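The values are calculated or read from the model by the stated rules, or taken from the named source; none is laboratory data. Being a predicted model, the structure only gives us computed values, none of them experimental. Here the Cβ positions follow ideal geometry from the backbone for every residue, glycine too, while neighbour counts run over all protein chains shown.
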Amino acid sequence: TVRVCHLPPATSKWNKIEHRLFSFITINWRGKPLESRQVIIDLIASTTTRTGLKVYARLDEGSYPDKIKVTDAELADVRLDGDPFHPEWNYTITPRTIDDELH
């Protein structure tokens, strides 16, 4: 089961912790040549704050196809349950079961 919660329209996708961390990441890599993805990941991962907050980072080298079209029929088969609070923003996707397939 996957629970999805989108941010409302006109809301910044950056939350306060990301803003707070990004300034420290920027300070940490200031003046250093960003020569490779691994250098960038290592610099991000070595960032800490005065209060002890530590950044964890890793490179995701997965390959993910984009622009996949989902047909109306495929979407109708998805078990999508809207949340009582703004179901257009918040919903749960539940896997189909064998019983679903048999009926």
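Kindly indicate whether any position in the range 48-65 is of a type in the set (Asp, Glu) and surrounded by 11 or more Cβ atoms within 10 Å (Cβ to Cβ). For the range 48-65, residues of a type in the set (Asp, Glu) and surrounded by 11 or more Cβ atoms within 10 Å (Cβ to Cβ): absent. Exactly one residue out of Ile68, Ile44 is at pLDDT 90 or above and touching a helix residue (DSSP H, G or I) at 6+ places or on another chain (Cβ under 8 Å): that is Ile44. Taking the criterion of being surrounded by 14 or more Cβ atoms within 10 Å (Cβ to Cβ) and in contact (Cβ under 8 Å) with a residue 12 or more places away in the chain, the residues of the range 24-40 that qualify are Phe24, Ile25, Asn28, Trp29.
Contact map, the range 75-89: first residue at pLDDT below 90, second residue among the acidic types (Asp, Glu), Cβ cut-off under 6 Å, separation 6 or more or different chains; the map is empty.
One line per residue, one yes/no per condition, for (1) among the small types (Gly, Ala, Ser); (2) outside any loop (DSSP other than H, G, I, E, B); (3) touching a Leu at 6+ places or on another chain (Cβ under 9 Å):
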| site | (1), (2), (3) |
| --- | --- |
| Arg50 | no, no, no |
| Asp60 | no, no, no |
| Asp66 | no, no, no |
| Val70 | no, no, no |
| Ala73 | yes, yes, no |
| Leu80 | no, yes, no |
| Pro84 | no, no, no |
| Glu88 | no, no, no |
| Tyr91 | no, yes, yes |
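Any chance the range 32-39 includes a residue that's modelled with pLDDT under 90 and of a type in the set (Ser, Thr, Tyr)? Quick ask: steps written out before the conclusion?
Our first condition is that a residue be modelled with pLDDT under 90; within the range 32-39, this holds for none.
No, the range 32-39 has no match at all.
Give the residues of the range 75-84 that are within 18 Å of Asp100 (Cβ to Cβ) and surrounded by 10 or more Cβ atoms within 10 Å (Cβ to Cβ), sorted by residue number. Once the filter is applied, which keeps residues that are within 18 Å of Asp100 (Cβ to Cβ) and surrounded by 10 or more Cβ atoms within 10 Å (Cβ to Cβ), the range 75-84 yields Asp77, Val78, Arg79, Leu80, Asp81.
Of the residues in the range 5-22, none is modelled with pLDDT of 90 or more and on the phi < 0 side of the Ramachandran plot.
Could you check the range 89-103 and list, in sequence order, the residues that are within 17 Å of Val2 (Cα to Cα) and surrounded by fewer than 10 Cβ atoms within 10 Å (Cβ to Cβ)? Explain how you work it out, then say what you get.
Initially, the range 89-103 is screened for residues within 17 Å of Val2 (Cα to Cα), giving 89-97.
Scanning the range 89-103 gives a single hit, Pro95.
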